[in-house]
Structures are given as C-alpha cells and as structure tokens.
Amino acid sequence: MSSISKSEKAYIQSSLLSDPPLRADGRGLTDFRTIALESGVAPLANGSARVSIGRNAYDGGGGTEVVAAAKLEVETVGDGEGVDGGRVVCSVSCSPTAYPLLPSNALDDLQHDMTSLLHATLSHPTIRPQNLCILPGKKSWLLNLDVIIFSDAGNVFDAIFMAARAALWDTKVPRTRSVQYRTQKSDRKDATRAMDVDEATHVGSALDTRETVQVSDFELPDYWDEGEPLDGRQIWPVCLTLNLLPTSHFLDATLQEEASVPLKLLVLYSFQSDTTPLLRSMRLLGTGGSDLVQIKSLLKDSEKYARIVWTALEGKLKDEYHSLRKPSF
C-alpha cells in the first residue's frame, strides 16, 4: 500500500499515457519485472514455494515476496466439515513488515479479502484434485494451503496465485492402502474369533463364505513426505492484474503506479493444453468505473497475457520438478 500526492499521481498517469509510455524502471506497459521462483522451501510441508517479483539483483532485497505452503491432514467424512473426496482450504496472512502503516483493523480486512478470493477460486469443486480421497465415504485428505506475504512492492495478487500454484505443483499426496478386516466363524461358541487383516481388494469369488465388514482403516506404504503429485495440475489458474487508465492499461504495477490508477481488473484463467482457456473469476478493485465494451476488450487482451504467464510458469515448474529429482553422484 502506498499513498502519493495528487501531483505525483498526475505525473505518473501522464507518463504512462505519453507516446511512447514511460515507466520509472524503463519497462514497457506489458513487461513484468524479474520473477524468481523456488519450490520446496518448507521442509515440513507437503509442498511449498516462494515467489518474488522485482527483487534487487545485487542484494536480494526489495520486491514483492510471497511464500505458500500446503499441508495434508486426514479428515473423517461426516464429522464436522469433512467432505467425501477431500477439500481444499486456503488462507492468506500478511507479515506486519509488509504493511507497516496499516492499522490492525485494515490489515485484517485486507487479509480477509485476499483469503476470500484465493479460497473461492482454489476450493471450487471443478478444480478439486481427484486423489484427495482415502476411503470413499469415510476418510479423505484436507489440504490446507497457507500463503504468507512478507513484502509488497506491487502486483501482490499475481504473486499470491503464482506461489499457490507452485506450492500445489510441489505437493505430494502420500499413497494409501486400504485395510479390510475379515472375521471367520468358529465351531466353538466360546472360541475367540480369528481376524485376518488384508489389503482391500475386490472379493468376487462365490466360494468365499467368510463374513466381511466394510473397509474402515488405511495404512501408508510411503513416508509422509513421499507420494504422488496432486491431480489436475493443468487446470490450476493463474492471476493477471490489469491496471486501468482512461485509454490504456498496463501490467505488473509498482506500489506508486498502483496508487495512481483508479481501477484494477483481476482475471483468473485456467489453461488445459491447447483448449480454449476458461475464465475462472474476475474482480474489479478500486473507486473507478468501467463499461461492458471496455471489459470485453480487456478480457480479450488479458487472455493473451495470461497464457504467456502460464506458459512461463509451467516451464519453470517443470524445470524445478526435474532438478529436484535428478540423481546426484
């Protein structure tokens, strides 16, 4: 968050609307600052990532820095909020150093707004990973995705969704093996029933007359930090923030540039291979106004920008994935 005077705001706007447009750091209107991504930054999480935008190349300071971590825990379906097939719960927290001038009430409101957008997007049933189910109707994984903003030098929403997507990409779901309890009848009434514990498999033989009960437990054949990737990597969305001026728009705004524009448009797209991208969400932030014609034009442009961001992020995540699993000699 940044507060600037009316003269500063007018100067920044006139520079952005000039021909050619001028920005303080020399970028074009659609250019991003340097983006750094690192996965596996939280050893005790099932998946984690750090994203920084505009970090100083000399001392590593400055810029927007966001860390996201995913943690899995077992839930019982039917007890409390447990959902068959699993669920995703997101939260966003802001370090006090990220917004030192904001009072506590305003900081709480900001965290609530960011959490609402992230949770509403990533917890939607249409993009819920299919491998969060452990025992159908009984046990499932609860995926807690926690995002922390350590510094905000502009464009924080894009950074939040980049970090969230990278953390989910890095997440590994422990493999589970369901356990089936079987009891056999005994000829002696006072005899203790023998119980066999088998892996749950389909029992289709008509000659098997043993009494069986439904699967009610599971075991982990792997360690807690091993497993398989989350399902549905291709459909996790990316966020793109368009900063709107009367006759133009630009991307990746700094704090001063954000303070000079009256309106921002947040769009979230999912891309599945070469199919038509899906607009997951859209939100207008600010005191300005816009009409339907402008929104349609902006959505057409934002789809192109978002695909570029998604392609670059996808390539970086694949590089990170393969580098972490490359054997060392």
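Of the cross-linked pairs Lys172/Lys296; Lys9/Lys296; Lys138/Lys172; Lys71/Lys318; Lys9/Lys71; Lys9/Lys304, those separated by over 32 Å at the C-alpha level are Lys172/Lys296; Lys9/Lys71.
Based on protein heavy atoms only, the stretch 1-150 ends up with 52 Å² per residue of surface accessible to a 1.4 Å probe. Share of carbon and sulfur in the accessible area of the stretch 20-61 stands at 55%, probe radius 1.4 Å.
What is the calculated FRET efficiency for Glu219 to Met282, with r their C-beta to C-beta distance and R₀ = 35 Å, to the nearest 0.05?
On the way: r = 44 Å, r/R0 = 1.27.
Plugging the Cβ-Cβ distance into 1/(1 + (r/R0)^6) gives 0.20.
Cys94 sits with roughly 10 Å² accessible to a 1.4 Å probe, with DNA, RNA and ligands left out of the calculation. Heavy-atom surface analysis with a 1.4 Å probe gives the stretch 102-182 a carbon and sulfur content of 54 percent of its accessible area. Neighbours of Phe161, meaning other residues whose beta-carbon lies under 13 angstrom from its beta-carbon, give a summed charge of +2 when Lys and Arg score +1 and Asp and Glu score -1.
The values are calculated or read from the model by the stated rules, or taken from the named source; none is laboratory data. Predicted, not measured: the structure shown is a model, and the values here were computed from it. Because the Cβ atoms are built from the backbone with ideal geometry, glycine has one as well, and the counts that use them run over all protein chains shown. For the accessible areas, the whole protein counts, side chains as well, though only heavy atoms, and no ligand, DNA or RNA atoms are used. Shrake-Rupley method; radii C 1.70, N 1.55, O 1.52, S 1.80 Å.
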